[in-house]
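Only one structure is covered here, and it is reproduced in the block below.
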Amino acid sequence: MKLEADVVVSELDIPNLRERAYERFASETHIDLHDILDNDHVVQYLLELMTTMTVGEAMTTLTNMENFHSDDFNFPKVTLEKIRALLNGEDEYGLDHETYILDLLIQATVLKYHSPYPEVRAVCDPFDDVNTPVETFRAYFLGIVWVTIGSFINQLFANRQPSLTIGSTAIQILLFPCGKFLAKSLPDWGITVFGKRHSLNPGRWNAKEQMLATLMVQVGSTSSNFISYILVIQLKRFFGQSWANFGFIFFMNFSTQFFGYGLAGLLRRWVVYPSKAIWPSLLPIVMLNRTLLQPEEKHSIHGWTMTRYKFFFIVLGCMMVYYWLPGFIFTALSTFNWMTWIAPKNKMLAIVTGSGVGLGFNPLATFDWGVIAYSNPLAIPFFSQFNQFAGMVVSGLIMLGLYLRNYKWMGYLPINSTRSYDNTGATYNASRIVKPDLTLNVEGYKSYSLPFLSIGYVMIYGSEFVMFTMSWVYVVLAEYRHLKSAFAGFFKSLRNRKTSNYEAYDDPLCRLMAKYPEVPDWWYMIILLVALAFAIVACQAYPTNTPAWAIVVIMVICMFLIFPSAIVFSITGYELGFNDIAIIVAGYMVPEHAISNMLCRVFGWNVDAQADSIIGSQKLAHYAKIPPRAFLRAQLLATLIQVFITMVANVVLTSSFDDLCSPDQSNRFVCPFPNALYTATLVWGVVGPKRIFAQLYPMLKWAFLIGVLAGAPVFYLRLFAIKRFPFVKNFNPIMFLAGMSWWNSGYNLSYFTPGFQVSFIFMYYIRRHYLTWWTKYNFVLSAALSAGVALCAVLVFCTLQVTNVDINWWGTTVSGAGVDGGTYPSNIFTLAEGETFGPATWE
C-alpha cells in the first residue's frame, strides 16, 4: 500500500473506507473523540472531509497541533499523547499499516475541521448555514423588551439586601417561549430591500435569532455599576453633591458602558479568534440555546438515552422545588457552618471554620447550589479550580498564623473583613477626617486614628498587586508567538483595510466566520474615542476636581493590563479586576480628593469589566456563527437602552425613599456597595495610599515590584520542573495568586470548598472517565441548576420577601447565632476600656 505525502485517503486501497473509518472512530483508541459519535450529521461530515485529506496534510496538522498545544492547560492529555504517538511513525505506533493511516487521518480531520476541545465540540457544530435569518424583527423586539425589563429590575433592586437579580440565564429561558409564540402568531408580512426580503415572520424561531437576543440581554440587562457611584455622589447621607444632574450622569454612564467596546474590538485577535481561547464560563450559555432549539438524535450514552431537552427541564423543575429549602424554609442548609454550632461562643472555632466571620475551613459547607455555583464549578476547568483553591488554603493558613501573632495589630480586628477600622477596633468613622469640600481635614485625621485593615484585606491587596504585574510578564512569555502574530495582524489591518482578520487563524470557526463581513478595527476605535470624549466632558464640565489627564492615565493603565487579563479569562474563566489598582493610582495622582478618586475607580473597574463582558459576548457570537456586524449593531443598541433605563430606575429609586441607603431602611434598600464605596473612597481617596502604605503597610507597595521580578523566574522554573515532574504542568501561578486574593467580607473557603468538590467530580473524574456523558449533559446540568435557583429566587422574593414574610425557627436562626453570626465580637485580642492600639503618632 502506498504511503506518500500527497496521496488522498480515498485513493488508498482500503476496502469499505467509510465503514472501516467509522469502526476506528468508535474504537477505544479514539475514546477522546467519542463525544462526536452522539451526532450522526457531524460524524458523516467529518468522514466526508477525511476522504479529501492527504497523508502529508494530516502529518502537518498534527505537528502544528502538538507545537501549539504542548503547554495548553485545557487540551486533553490523552489527545496530546495520541498525537505524539502518531507522529513517532508507523513502526512505533504498534498497529498495522491500514489502521495507522486511518487513525492518523481521523485524528487530523477532527482537529482541522472541528475543535480540539471536547467542551467546545459539545456546544457548536463544525458547519454553518449562512442563509439562516439572524437580524429579524422578532429577535430585536424580544431583545429590546427583555433588556428593558432586565436592566430596570436589576438596577432598581441592586442596592437592596437581599437583592433581586434576573440573570441572563433566566431571561434566556424566557426568550425561548416568547420566540416560539411570535413565530406562530406574527403574519408573514415583509419588504424587499436590495433583493433580499425581510419578513416579520421568516419561519420557525431559530437558534441564531435566539442567540442574537441572548447577546443583547447578556450585555444590556444588567445593572450599571456607575449608578451605585452616583448614589454616593448625590445622596445627603454620603457626599450630597447637587451638581450631579442628568447631563453628568448620562455622560458618565454612556462613557463607562461604551468604552469597553473599543477595547473589546481591538482585543479580538488575542482572545476571540484563537481556538485556545475557549472562554469556559460562557459554554453553558451556548449549550442552553443548543438544548432548547436544536433537534437531537437519540443515542445510548453509558446507559442514558434521555435528550438534553428533557434532562434540562427535569433538573430545572427539581431545583426550583428544592431551592425553597436552603433559600427560605431551612436557610441553615445554605450557610452550613455546622462546626460552630458545637460551641457558638468559641471565637477560635468561628475564626477557623466559620462561614460568616471566619476563614471557612469546613469540608461540608453548604447544600445550596447558589453558594456552590459561586466558583462556576461545572464550567471552569479543573486545573483553574485546583490552583485557586490551593491558593486560598495556603493564604488562609498564612493569615491565621499572622493573625494569632497579632501582626500589625490585626488581632484586634475581624480576621476577614474589607472594612477599615480605627485604633479602638470600631469601624472607621471617615466623616471625622473630611472637610465640607471633600478634602482631608489633617488636624481631624491626626486627632482621630489611622485606618487599620484586617489581615484578609491586606492579603487581598498584596496578592492582587503581585498578580497584576506578574500576569503581564508571565502571559507575554507564555503567549509570545501568539501575541506577536496578533499585533502584526492588527497593524497590517490598519495599513490595509481590506485585510481579513481571520487570515492568520487556521481554525474551523474562523474559516466559517470569514464568510461574513467583518467589523473594521477603526469602527471600534471610533467608539473608544467617543467614549473617552464623553468621559473628559463629564469630568471637565462639572466640579469633579478630576483632571482629564488622570482619566487618560487610568484608561491607559487599564488598556495595558487588559491584555493579560483577557487572555487569562479566556483560558481559565477567571477575571482580573482593576478597581483596587485604579483607586490606589488615583490616590497618588489626585491626592485628598474623594470624587476624583471615585471616578478614576469606576473607569478602572467598569471599563475592563465591560470589555471582558463584551469580548466574551464576541466569543459567544463566534461559537453561534452570528455575523459580526449584526452582533455589534444588536449589542450597541442594547447598551444604549441600558444607559437610559438604568438612569430611569435610579430616578425612581431615589424619589421613592427618603431614607434610602440607611442601615434600618424599612424596605431593605440599605445599599451595601455604596456604603462600602463611601468608606473606601474616604480612606483611599482622602487619607490616601501614601499615608496608609508608608506608616502601616509599607510591604504592600513592594508587591508590584515582586510581581515584575518574579514573573520570568517562575515561568522558566516551571518549564524546567515540567521536564522532571510532568504534573507541574497543571500549576498556574496566576491562578494560585488569584485564589489568594479571593478573600472578602462574607466570602471565604466555605464558598469555594463545595465548588472545588463538585469540580473534582464533574470536571476531572467524570470528564476523564465518562467523556461522552460529560459533553452531552454537563453544561446542560450547569445551566439548569443555575436557572432553577434564579427563577425560584425571583419567585421567593416576589411572593414572600417583598412583603417581609419570614420563617423563624432553629433552621433559619442557628447559622446566625454566636460569634460566626455576628452576635458576639470575633476579634481574638481585646482592649481595656479607653485603651487604643497602633502607633502613638502619625502624619
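Applying the selection to the stretch 1-44, what residues are touching a Ser or Thr at 6+ places or on another chain (Cβ under 8 Å), at pLDDT below 85 and surrounded by 11 or more Cβ atoms within 10 Å (Cβ to Cβ)?
Within the stretch 1-44, Ala5, Val7, Val8, Val9, Ser10, Leu17, Arg18 meet the criteria.
If you scan the stretch 249-271, which residues turn out to be hydrophobic (A, V, I, L, M, F, W, C) and at pLDDT 90 or above?
Residues satisfying the conditions are Ile249, Phe250, Phe251, Met252, Phe254, Phe258.
Could you check, for the stretch 630-640, whether at least one of its residues is surrounded by fewer than 24 Cβ atoms within 10 Å (Cβ to Cβ), small (Gly, Ala, Ser) and over 21 Å from Ser223 (Cα atoms)?
yes
Give all pairs with beta carbons closer than 8 Å in which a residue from the stretch 292-308 that is touching a residue at least 60 places away in the same chain (Cβ under 8 Å) meets a residue that is assigned to a helix (DSSP H, G or I) and exposed (fewer than 14 other Cβ atoms within 10 Å of the Cβ); count only pairs at least 6 apart in sequence or on separate chains.
Glu297/Asp40
Can you find even one residue in the stretch 630-646 that is closer than 19 Å to Arg268 by Cα and hydroxyl-bearing (Ser, Thr, Tyr)?
Checked against the condition, which is being closer than 19 Å to Arg268 by Cα and hydroxyl-bearing (Ser, Thr, Tyr), the stretch 630-646 yields no hits at all.
Looking at Cys600, Cys558, which one is of a type outside the set (A, V, I, L, M), assigned to a helix (DSSP H, G or I), closer than 24 Å to Thr544 by Cβ and modelled with pLDDT of 85 or more?
Among Cys600, Cys558, only Cys600 is of a type outside the set (A, V, I, L, M), assigned to a helix (DSSP H, G or I), closer than 24 Å to Thr544 by Cβ and modelled with pLDDT of 85 or more.
So, in the stretch 269-305, exactly how many residues are out of contact with any Lys or Arg (no Cβ under 8 Å at 6 or more places or on another chain) and of a type in the set (Ser, Thr, Tyr)?
Adding up the residues that qualify gives 4.
Run down Leu292, Leu267, Leu231, Leu235 and say which single residue is under 14 Å from Gly616 (Cα atoms) and touching a helix residue (DSSP H, G or I) at 6+ places or on another chain (Cβ under 8 Å).
It is Leu267.
Which condition does Tyr516 not pass, out of (1) more than 30 Å from Val42 (Cβ to Cβ); (2) surrounded by fewer than 20 Cβ atoms within 10 Å (Cβ to Cβ), if it passes all the others?
Of the numbered conditions (1) more than 30 Å from Val42 (Cβ to Cβ); (2) surrounded by fewer than 20 Cβ atoms within 10 Å (Cβ to Cβ), the odd one out for Tyr516 is (1).
What are the residues in the stretch 263-286 that are hydrophobic (A, V, I, L, M, F, W, C) and assigned to a helix (DSSP H, G or I), if any?
Leu263, Ala264, Leu266, Trp270, Val271, Leu282, Leu283, Ile285, Val286
Checking Ser471 against (1) among the polar types (S, T, N, Q); (2) farther than 19 Å from Glu575 by Cα; (3) surrounded by 22 or more Cβ atoms within 10 Å (Cβ to Cβ), which test does it fail?
Just one mismatch for Ser471, condition (2).
One line per residue, one yes/no per condition, for (1) crowded, with 16+ Cβ neighbours inside 10 Å; (2) modelled with pLDDT of 95 or more; (3) farther than 26 Å from Ile641 by Cβ; (4) in contact with a Leu (Cβ under 6 Å, 6 or more places away or on another chain):
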site: Ala122; (1), (2), (3), (4): yes, no, yes, no
site: Asp129; (1), (2), (3), (4): no, no, yes, no
site: Pro133; (1), (2), (3), (4): yes, no, no, no
site: Phe141; (1), (2), (3), (4): yes, yes, no, no
site: Leu164; (1), (2), (3), (4): yes, no, no, no
site: Gly167; (1), (2), (3), (4): yes, no, no, no
site: Ile171; (1), (2), (3), (4): yes, no, no, no
site: Leu174; (1), (2), (3), (4): yes, no, no, no
site: Val193; (1), (2), (3), (4): no, no, no, no
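Yes/no per residue for (1) surrounded by fewer than 22 Cβ atoms within 10 Å (Cβ to Cβ); (2) more than 26 Å from the chain's Cα centre (by Cα); (3) closer than 26 Å to Pro377 by Cβ:
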{"site": "Thr775", "(1), (2), (3)": "no, no, yes"}
{"site": "Leu781", "(1), (2), (3)": "yes, no, yes"}
{"site": "Gly788", "(1), (2), (3)": "no, no, yes"}
{"site": "Leu791", "(1), (2), (3)": "yes, no, yes"}
{"site": "Val796", "(1), (2), (3)": "yes, yes, yes"}
{"site": "Thr799", "(1), (2), (3)": "yes, yes, no"}
{"site": "Val802", "(1), (2), (3)": "yes, yes, no"}
{"site": "Ile807", "(1), (2), (3)": "yes, yes, no"}
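When the stretch 269-312 is examined, which residues are found to be surrounded by fewer than 16 Cβ atoms within 10 Å (Cβ to Cβ) and not β-branched (Val, Ile, Thr)?
Matches in the stretch 269-312: Gln294, Pro295, Glu296, Glu297, Lys298, His299, Ser300, His302, Gly303, Trp304, Met306, Lys310.
One residue is enough: does the stretch 99-117 have a residue meeting the conditions modelled with pLDDT of 90 or more, among the small types (Gly, Ala, Ser) and over 26 Å from Leu288 (Cβ atoms)?
Yes, the stretch 99-117 contains at least one residue that is modelled with pLDDT of 90 or more, among the small types (Gly, Ala, Ser) and over 26 Å from Leu288 (Cβ atoms).
Somewhere in the stretch 287-301, is a residue touching an Asp or Glu at 6+ places or on another chain (Cβ under 8 Å) and either assigned to a helix (DSSP H, G or I) or of a type in the set (S, T, N, Q) (or both)?
Taking every residue of the stretch 287-301 in turn, none turns out to be touching an Asp or Glu at 6+ places or on another chain (Cβ under 8 Å) and either assigned to a helix (DSSP H, G or I) or of a type in the set (S, T, N, Q) (or both).
Counting just the residues of the stretch 40-63 that are touching a residue at least 12 places away in the same chain (Cβ under 8 Å) and among the polar types (S, T, N, Q), which one comes out nearest to Val110 (Cα to Cα)?
Among those that are touching a residue at least 12 places away in the same chain (Cβ under 8 Å) and among the polar types (S, T, N, Q), it is Thr61.
Can you pull out every residue in the stretch 315-345 that is assigned to a loop (DSSP other than H, G, I, E, B), under 30 Å from Asn827 (Cα atoms) and either of a type in the set (D, E, K, R) or out of contact with any Pro (no Cβ under 8 Å at 6 or more places or on another chain) (or both)?
Passing the criteria: Phe330, Thr335, Phe336, Asn337, Ile342, Ala343, Pro344, Lys345.
In the stretch 750-764, how many residues are touching a helix residue (DSSP H, G or I) at 6+ places or on another chain (Cβ under 9 Å) and surrounded by fewer than 24 Cβ atoms within 10 Å (Cβ to Cβ)?
Counting residues in the stretch 750-764 that are touching a helix residue (DSSP H, G or I) at 6+ places or on another chain (Cβ under 9 Å) and surrounded by fewer than 24 Cβ atoms within 10 Å (Cβ to Cβ) gives 9.
Quick check on this structure: which one of Tyr697, Tyr764 is in a loop (DSSP other than H, G, I, E, B), of a type in the set (Phe, Trp, Tyr), touching a residue at least 24 places away in the same chain (Cβ under 8 Å) and over 26 Å from Ser168 (Cα atoms)?
The conditions single out Tyr697.
Residues are listed down the side, and each one gets a yes or a no for (1) touching a strand residue (DSSP E or B) at 6+ places or on another chain (Cβ under 8 Å); (2) surrounded by fewer than 20 Cβ atoms within 10 Å (Cβ to Cβ); (3) within 29 Å of Pro377 (Cα to Cα):
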residue: Thr51; (1), (2), (3): yes, yes, no
residue: Met65; (1), (2), (3): no, no, yes
residue: His69; (1), (2), (3): no, no, yes
residue: Thr99; (1), (2), (3): no, yes, no
residue: Leu105; (1), (2), (3): no, no, no
residue: His114; (1), (2), (3): no, no, yes
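If Trp809 meets every condition in (1) farther than 30 Å from Leu453 by Cα; (2) at pLDDT below 90 apart from one, which number is that one?
In the conditions (1) farther than 30 Å from Leu453 by Cα; (2) at pLDDT below 90, Trp809 misses (2) alone.
Could you check, for the stretch 594-610, whether at least one of its residues is touching a Gly at 6+ places or on another chain (Cβ under 9 Å), closer than 21 Å to Ala486 by Cα and surrounded by 24 or more Cβ atoms within 10 Å (Cβ to Cβ)?
Yes, the stretch 594-610 has at least one match.
Consider Trp684 carefully, then state whether it is touching a residue at least 40 places away in the same chain (Cβ under 8 Å), within 28 Å of the chain's Cα centre (by Cα), buried (at least 21 other Cβ atoms within 10 Å of the Cβ) and farther than 30 Å from Asp71 by Cβ.
Answer is yes for this residue.
The values are calculated or read from the model by the stated rules, or taken from the named source; none is laboratory data. It should be emphasised that the depicted structure is a prediction, and the values quoted were computed from it without experimental measurement. Methodologically, a virtual Cβ is constructed for each residue, glycine included, from the backbone with ideal geometry; neighbour enumeration extends over all protein chains shown.
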